Amino acid sequence: MRSPLFDQIHSERETGQRWTLQSSKMLRVGMGPDVLAAQGAMVAYQGQMAFKYEGAGSIGRFVKKLVSGEGGQLQRVSGQGEVFFARQAEDVFLLELENDGLTINSTSLLAFDAHLGWDIRMLGNAGLMAGGLFNLELTGAGVCAVSSDGPPMILDCSQQPTFVDPQAAVCWSSNLEPRIQNDMSMGALFGRGSGEAFQLAFHGPGFVVVQPSEGVPLVPTQAAR
């Protein structure tokens, strides 16, 4: 059988690296040590694999998961072979943590080394918006994969205040502590607002990764209703 489909560009890439971008839309992970991944992110695998729901691991994280709904969609992948991850043909990129931290919008998280520390983090002044503004924080030394709905942009927050739509923020330096900026005016109450009432306000040494999309609208958790 002949087809351009069988050209080398479509074949599996074997680089000898554990984490490899198969393409800009798909990630290949060579298994050995376990991986934690978002449930539903696996699109294919070769070899022998086991997929198990990942629990909280501690009382503190268990309570945060109950309140926020975050971190409850992780699965542990173990075995030998290769696993392929993707999400709705979004762009995929890798970040290597070097004994530092990264806070990730959970809707953008794809997978990470299971030995990395993780916790659920809430924005300090989220208030009634808290149901949609819990995020996952990773710490340690290892690799994580994040997806972006389109080519991402990195903004340096050290020079001046930076404001980002919560749904467009993919991830940011964990040393940054964003706060909710509320620009809602009286006009918004009568349908004459800008539609951009809330932003994440960043300022300090660090970066924030922004996707060119507001993604799927945030839905508050039951606890925040």
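Throughout, read-outs are computed from the coordinates displayed, never taken from laboratory work. These numbers were taken from a predicted model, which means no experiment stands behind them. Cβ: placed from backbone, ideal geometry, glycine included. Neighbour counts: every protein chain shown.
Some values worked out for this structure:
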{"read-out": "Point-to-point label distance, THR139-LEU95, nm (Cα→Cβ direction, 7 Å offset)", "value": "1.6 nm"}
{"read-out": "Cα gyration tensor shape of the stretch 79-119, rounded if a/c is under 1.5, else prolate or oblate by comparing a/b with b/c", "value": "oblate"}
{"read-out": "Within-15-Å neighbourhood charge of GLY40 [Cβ basis; K, R +1; D, E -1]", "value": "+1"}
{"read-out": "Packing rank of 143-154, 79-90, 163-174, 37-48, where each peptide gets the mean count of other beta carbons within 10 Å, highest leading", "value": "163-174, 143-154, 79-90, 37-48"}
{"read-out": "Order of ASP113, ASP100 - criterion: other Cβ atoms within 10 Å of each residue's Cβ, fewest first", "value": "ASP100, ASP113"}
{"read-out": "Phi-based couplings in Hz for the stretch 33-39 (Karplus 6.51, -1.76, 1.60; Gly and Pro marked x)", "value": "x, 5, 10, 9, 9, 5, 4"}
